[in-house]
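Taking it in order: structure first as structure tokens, then the write-up.
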Amino acid sequence: MRTLIALFIAASPCVAAAQHTIGTRFAPPAGTTRMAAAEGSFAAYLRKLPLKAMGVPVLLYNGQPKDRQGQPKDRQDVQAAVIDRPVGSRDLQQCADAVIRLRAEHLRQQGRL
């Protein structure tokens, strides 16, 4: 979980737009280095997640653009990247659900779930 938080805090000046994974698109902030992630770890899994192209809007399960409460519906400047994963056609994933899903997919990939 700390990895995701650090990713979004440090994202803006450290973005390589042409890169297509979390680990390659987001460089560590100036003056810091990225810690090694053990092969097979959740951190390594997250760093290899595929991302959609820069500027792709965040869409809800029904294809509508995600909005922020009290903000215009077309406001899309509040996220650093969009993970390239299908979310299905029903409203089943919100906030922590997405991280729980990623962790479960990682464990399943390892045969631990």
Under a 5 Å amide H to amide H cut-off, with H placed in plane at 1.01 Å, what residues pair with Leu59 once short-range neighbours are removed?
Lys66
Stretch Ala37-Lys66 to full length: gain in nm at 0.36 nm per residue minus the Cα-Cα span?
7.2 nm
So what J values fall out for region 87-101 if you push phi through Karplus, 6.51 cos²θ - 1.76 cosθ + 1.60 with θ = phi - 60°, rounded to Hz, Gly and Pro as x?
10, x, 10, 10, 7, 10, 10, 9, 6, 5, 4, 5, 5, 4, 4
Along the Cα→Cβ direction, 7 angstrom out, place labels at Gln79 and Thr21. What is the inter-label distance in nm?
2.1
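Arrange the following residues from fewest to most other Cβ atoms within 10 Å of their Cβ: Ile83, Ile22. List each step's numbers first, then the result.
Working: Ile83 14, Ile22 21.
Going from least to most buried by this count: Ile83, Ile22.
Any read-out appearing in this document is the output of simple, stated calculations on the displayed coordinates, not a laboratory observation. As the structure is a computational prediction, the values presented were derived from the model and not from experiment. Backbone-built Cβ (ideal geometry, glycine too); neighbour counts: all protein chains shown.
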